[in-house]
C-alpha cells in the first residue's frame with residue numbers, strides 16, 4: 001500500500017522510487033548470493049590486501065581524519081544514528097580507497113550505529129563503495145573528498161553544523177583545509193592523491 005501510494009504521487013524517476021528499486025535489488029542479491037555476508041561478491045577481490053590499521057580506523061570512526069566532509073558525516077552518524085546517502089558514500093569511499101581498510105570493518109560499524117540499518121542494503125552499499133560488489137563503483141574511479149564537499153556542501157553548512165571547531169572559518173578555508181589557523185581540528189591524516197594511487201595498485205592485477 002505504501003509503495004502504490006508513493007507511486008501515484010511520484011514518477012518512476014523520483015529519487016525515492018529509485019532507492020526502493022535499489023533496496024529490492026540488494027535484497028535479491030543477498031538472498032541468491034549469501035556469500036556476500038563476509039566475502040566479496042566478486043570473489044577475486046577477497047585477495048585485496050586491506051590494511052589492518054586500527055588507529056586510522058579510530059580516526060575515521062570518531063570523525064577526526066582532518067577531512068571535513070568525512071568527519072561531519074561520521075559525527076552526524078555517531079550523534080543521531082543517521083547519515084545522508086551522499087555522506088555515506090563519501091565516508092565509505094574514504095575508508096576503503098583512502099585509508100585502505102577492509103570494507104567489512106565499515107559495514108560492521110554502520111550496523112552498530114544506523115537507526116535505518118538493513119543488512120542487505122548496508123552490505124551492498126559497502127561493497128559498491130569498495131568496488132567488490134555486483135554493481136560496484138569501478139575500482140579506478142575514486143571519490144575525491146575535497147571535490148565532494150565543494151560540490152555538495154559549497155557553503156559548508158553541513159560541515160559547520162557537525163564540526164563547530166570550523167565555524168569561524170570561511171568556506172574557502174575549509175575547502176582547502178590543511179591544519180593550523182589556530183583551530184582545534186586535526187590536519188588531514190593522509191594525502192588523497194597518493195592514497196588514491198595506492199588504492200588502484202591494491203586492485204590492479206587481481
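The values are calculated or read from the model by the stated rules, or taken from the named source; none is laboratory data. Nothing here was measured: the structure is a model prediction, and the numbers come from that model. Reconstructed Cβ throughout: ideal geometry from the backbone, glycine too, with neighbour counts over all protein chains shown.
One table, with the values for the structure above:
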read-out	value
Any chance residue 74 is assigned to a helix (DSSP H, G or I) and either more than 25 Å from residue 20 (Cβ to Cβ) or touching a residue at least 24 places away in the same chain (Cβ under 8 Å) (or both)	yes
Verdict on residue 18 being in contact (Cβ under 8 Å) with a residue 12 or more places away in the chain and either assigned to a helix (DSSP H, G or I) or not assigned by TED's automatic domain parsing to the domain that holds residue 118 (or both)	no
Filter result (surrounded by 16 or more Cβ atoms within 10 Å (Cβ to Cβ) and either part of a loop (DSSP other than H, G, I, E, B) or not assigned by TED's automatic domain parsing to the domain that holds residue 64 (or both)) within the range 187-206	188, 189, 190
Failed item, numbered, when residue 40 is tested on (1) out of contact with any strand residue (DSSP E or B) (no Cβ under 7 Å at 6 or more places or on another chain); (2) touching a residue at least 60 places away in the same chain (Cβ under 8 Å); (3) within 30 Å of residue 201 (Cα to Cα); (4) part of a helix (DSSP H, G or I)	(4)
Residues (closer than 12 Å to residue 98 by Cβ, in contact (Cβ under 8 Å) with a residue 60 or more places away in the chain and assigned to a helix (DSSP H, G or I)) located in the range 43-68	56, 59
Leading residue by the ranking (modelled with the lowest pLDDT) among those in the range 1-40 that are under 23 Å from residue 119 (Cβ atoms) and more than 26 Å from the chain's Cα centre (by Cα)	3
The lone exception for residue 27 - which of (1) surrounded by 18 or more Cβ atoms within 10 Å (Cβ to Cβ); (2) not assigned by TED's automatic domain parsing to the domain that holds residue 134 it fails	(1)
Helices (runs of 4 or more DSSP H) wholly inside the range 83-166 that include at least 1 residues being more than 11 Å from the chain's Cα centre (by Cα), within 15 Å of residue 61 (Cβ to Cβ) and in the same structural domain as residue 62 (by TED's automatic domain parsing)	103-113, 157-162
